[in-house]
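Participant: One structure, pasted below without further comment.
The values are calculated or read from the model by the stated rules, or taken from the named source; none is laboratory data. It should be emphasised that the depicted structure is a prediction, and the values quoted were computed from it without experimental measurement. Every residue, glycine as well, gets a Cβ built from its backbone with ideal geometry; the counts of neighbours run over all protein chains shown. We work out accessible area using only protein heavy atoms, side chains counted, and drop any ligands, DNA or RNA first. Shrake-Rupley method; radii C 1.70, N 1.55, O 1.52, S 1.80 Å.
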Amino acid sequence: MKKDIENKKDIEKLVDSFYEKVKKDEMIGFIFTDIVRVNWERHLPVMYDFWENSLFYTGSYTGNPMEIHKHLHKLIPLTSGHFTQWTLLFTSTVDELFDGEKATLAKQRAVSIAAVMQFKIIPPDKENKN
Ligand code: HEM
């Protein structure tokens, strides 16, 4: 039986597995590897803090993801398809590794933040359907 997300080590496992999928993904991988050329040594610890804060309210993340993705949208126009794929990869990674209250919360957070982010970045009238 799968266990719930209980501590920082579990979060690291979730985030690492998620980005392994992201990097290889045909639809969104290139955004991370070719457009932004993410510095993983820097980005992964930020994401550990982000998810630790989201699930355990540690105050460990104080950044502004909305602004960062607005900026990203100027480099590469993000589509609803990109957001759907991001969400699918994240929720399937959670489901593969964990089960429980925090696992459910992580999926809910991801889905709702993605929806708000998409809405703020791509106004519905300008949405393209790719
Ligand atoms: C189309 C979907 C998305 C794409 C392509 C995307 C891509 C990226 C990229 C390229 C970065 C910058 C990495 C760097 O610093 O080098 C980033 C940062 C980040 N993303 Fe996303 N992202 C997406 C959706 C989301 C969603 C839905 C969330 C939250 C649930 C999220 C949370 C974050 C956070 C917290 C950061 C770090 C911001 C910081 O440095 O403070 N992303 N994302």
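Participant: Which net charge results when you count Lys and Arg as +1 and Asp and Glu as -1 among the other residues whose beta-carbon is under 14 Å from that of Leu89?
Facilitator: Every neighbour counted, the sum reads -2.
Participant: So, one more: Using the Cα gyration tensor of the range 38-108, with a ≥ b ≥ c the square roots of its eigenvalues, what is the shape: rounded (a/c below 1.5), prolate (a/b larger than b/c) or oblate (neither)?
Facilitator: oblate
Participant: On to the next question. I'd like the FRET efficiency for Leu105 and His43, computed as 1/(1 + (r/R0)^6) with the beta carbon distance as r and R0 of 30 Å, rounded to 0.05.
Facilitator: After rounding, the FRET efficiency stands at 0.85.
Participant: Something else now. Could you work out which residue, out of Lys74, Lys24, Lys13, moves most in a Gaussian network model of the chain, that is, has the largest mean-square fluctuation with Cα springs under 10 Å?
Facilitator: Lys74
Participant: Please report the relative contact order for the chain, taking Cα pairs under 8 Å with a sequence separation of at least 6, and give it as a percent rounded to a whole number.
Facilitator: Here the relative contact order equals 36 percent.
Participant: Consider all pairwise Cα distances in the chain and report the whole-number % of them above 26 Å.
Facilitator: Counting pairs separated by more than 26 Å, the tail of P(r) holds 19 percent.
Participant: Round to a whole number: what % of the accessible area of the range 35-110 belongs to carbon and sulfur, probe 1.4 Å?
Facilitator: Heavy-atom surface of the range 35-110 belonging to carbon and sulfur, 1.4 Å probe: 54 percent.
Participant: Here is a follow-up. Is the range 1-67 best put as rounded, prolate or oblate by its Cα gyration tensor, with a ≥ b ≥ c the root eigenvalues, rounded for a/c under 1.5, and otherwise prolate when a/b is larger than b/c, oblate when not?
Facilitator: Cα axes put the range 1-67 in the oblate bin.
Participant: What do you get for chymotrypsin sites (Phe, Trp or Tyr not before Pro) in the range 1-108 restricted to DSSP loop and a cutoff of at most 13 other Cβ within 10 Å of the site's Cβ?
Facilitator: Here the sparse-neighbourhood loop sites are Tyr57.
Participant: Let me ask something else about it. Among the listed pairs Lys2/Lys107; Lys3/Lys24; Lys13/Lys102; Lys9/Lys102; Lys74/Lys107; Lys74/Lys120, which are separated by more than 22 Å between their Cα atoms?
Facilitator: Those over the limit are Lys3/Lys24; Lys74/Lys107.
Participant: Sticking with this one: Keeping every protein chain in place, order Glu6, Glu41 by accessible area at 1.4 Å, biggest value first, i.e. largest first.
Facilitator: Ranked from most to least accessible, the order is Glu41, Glu6.
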